[in-house]
Amino acid sequence: MTEIDEAPGLAPELRAAASPFQGELIFPGDPGYDAARKVWNGVVNKRPAVIARCTDNSDIVTMLRLARQNGLPVAVRGGAHSFAGHSTCDDGMVIDLSPMKRISVDPQRRVAVVEPGLTWGELTQATQEHGLVAVGGHVSVVGVPGLTLGGGVGWLARMQGLACDNLIEVELVTADGSVVRASAEENPELFWGVRGGGGNFGIATRFTLRLHAVGTLFAGMVMHPAERAQEVLRFYRDFSAAAPDAVNVLAGFGTAPPADFVPPDLRGRPAVFIAACHLGSVEDGEKALAAVREFGSPPVDLFGPMPYGQLQHMFDEMSAASTPFHVKAALLGPLDDAALDTLVEQTATMPTPASSVLVLPLGGAVSEVPPDATAFWHRGARYNLEICAVWDSPDDDAGPYREWAQACWQAMRPWSVGVEVNHLGDEGPERVREAYGDRTYGRLAALKRRYDPENVFRLNQNIRPAG
């Protein structure tokens, strides 16, 4: 327990929180403070007045009450993977949920009840013991709460929908300290809103998630030199458009790593890749993805049978914690030749080897959900475009990297149909509205007025309470 008397300047009420609070309080000057305040995006360098590592709902209620009494802004930290750095704040309170990692798996009902400190990799490790997985993202290091509440595009999207589509029930601590549950039967309007509306309505403390039987998959990646990008992208577009829902296939631009599996003449050079998985038997997967492996005789072919957990780690190195990132994103409609040519042109000027551009598929089960069934209403989008500028040090001038990402995103605007809140940076209220459209945003604003009329939970992709 922190010696709170060594943290001068804090309100007496906050110091007194040490008595009922069962977690850990970390203040500026404490030995672990600098490590505790770090978040995934290394660009973000904020100094909260206190970091409250909570262990249960009562801890959260205590700290939320004290933050409000003392006028402290509140940031909520789950996996700390927010592109915009909303998991922390300056001169406020970080309610850190990372110690809350309890999980219960019911293999008969195919349901998991999980707490918000878990990452998708940790959840997968627990559920795969039963031959089951939850619908998560493309990397293992992302936290369960943010991805689920914002939508959640991942490897199983075309087969099983978004992460929010597989949410059965959620428990929230609301701004006034109440603990509420939301499901199709209980508080259904709130349940509609949390599936895509992000953390605007409360602090999610327990998720009941639908699980799916997933055994060994046939999955992997092929890589081509960037000089072949135009033909590879055209193949990708045509193949993905005709692929069954059991196939999830994405394309990307990056730099070939200096690894043994990469031919020497491709190592460290710009590359274009296609990664895919098939939900079904290994034999069926080999047949379904044969064309991906055969097209253009790729110099790198990493396809093979693998467990879902291995697939989920495939892109973890592209999401290394504390690396400086600047991300721009858009949901895209159909891609014509002009769109593909624009992508090739823009990616030719990627500023660093660690930067990347990903084209993630939607459609399938995602598009089968009615647009007004959840707050994620862009059900007709075909792809999610993720433009990621990455550089070496937070001390470097970020200008050139941000300018490249902005230029690439702007060039692709003619094909944009919106954006997912999980892929937004700190881009202002109009971009948040673009994520929902006017009708859905209005409904969310009314819900916000009911559950958080003072906008306590505003350090997020914020929906302001209806006036």
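Values in this text are rule-based calculations from the coordinates and carry no lab data. Bear in mind that the values here come from a model prediction, so they are computed numbers and not experimental data. Because the Cβ atoms are built from the backbone with ideal geometry, glycine has one as well, and the counts that use them run over all protein chains shown.
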Pseudo-spin-label distance E427 to V344, built 7 Å along Cα→Cβ, given in nm, is 2.6 nm
Dimensionless Rg ratio for the chain, taking C-alpha atoms and the 2.2 N^0.38 Å reference
0.97
Pairwise centroid distance, computed over Cα atoms, of the stretch 192-236 with the stretch 373-435, Å
16 Å
7 Å from Cα along Cα→Cβ at both R234 and Q69: what's the point-to-point distance in nm?
6.8 nm
In the stretch 393-458, what GluC sites (Glu not before Pro) fall in a loop by DSSP, with at most 16 other Cβ atoms inside 10 Å?
E427, E454
Relative contact order of the stretch 18-96, defined on C-alpha pairs under 8 angstrom at six or more residues apart (%):
35 percent
State log₁₀ I(q)/I(0) for the stretch 217-423 at q = 0.10, 0.11, 0.12 Å⁻¹ as given by the Debye formula over alpha-carbon point scatterers of equal weight, solvent excluded.
-0.43, -0.52, -0.63
Can you give me the C-alpha center-to-center distance between the stretch 297-368 and the stretch 22-75, rounded to a whole angstrom?
33 Å
Residues F273, F207, sorted so that the one with the fewest Cβ neighbours within 10 Å comes first
F273, F207
Across 5 Å bins from 0, what is the distribution of all Cα-Cα pair distances for the stretch 338-467, in whole percents?
2, 9, 16, 18, 17, 14, 12, 8, 4, 0
Equivalent ellipsoid semi-axes for the stretch 18-96, as square roots of 5 times the alpha carbon gyration tensor eigenvalues: give them largest first, rounded to whole Å.
20, 13, 12
Quick check: pseudo-label points 7 Å beyond the Cα along Cα→Cβ at Q22 and D337, how many nm apart are they?
6.5 nm
So what's the stretch 83-207 giving for Rg/Rh, alpha carbon basis, Kirkwood Rh from the mean inverse pair distance?
0.95
Can you work out the Karplus-derived ³J(HN,Hα) for every residue in the stretch 67-73? Use 6.51 cos²θ - 1.76 cosθ + 1.60 with θ = phi - 60°, whole Hz, and x for glycine or proline.
4, 5, 5, 9, x, 8, x
Average Cα contact separation per residue, the chain, under 8 Å, 6 or more apart, as relative contact order %
16 percent
In units of 2.2 N^0.38 Å, the Cα radius of gyration of the stretch 371-444 is 1.29
Determine Rg/Rh for the stretch 267-372; Rg is computed over alpha-carbon atoms and Rh is the Kirkwood hydrodynamic estimate from the same atoms.
0.96
Reach of K46 by Cα under 26 Å, taken over lysines that are not fewer than 8 positions away in the same chain:
K38, K101, K328
Highest average packing first - 106-118, 286-298, Cβ atoms within 10 Å:
106-118, 286-298
Using 13 Å as the cut-off for backbone N distance, which residues of the stretch 324-342 belong to the label zone defined by a point 7 Å from the Cα of A398 along Cα→Cβ?
324-328
If R0 = 30 Å, then A411 and A321, at their Cβ-Cβ distance, give a FRET efficiency to the nearest 0.05 of 0.50
In the stretch 208-243, whose amide N lies under 19 Å from the spot 7 Å out along Cα-to-Cβ of A259? List them in ranges.
217-226
Per the rule of 0.36 nm per residue minus the C-alpha distance, extending K101 to R267 adds in nm 55.8 nm
Note to self, the chain gives a 222 nm [θ] from helices alone (DSSP H runs n ≥ 4, -39500 (n - 2.57) apiece, / all residues, nearest 500) of -7500 deg cm²/dmol
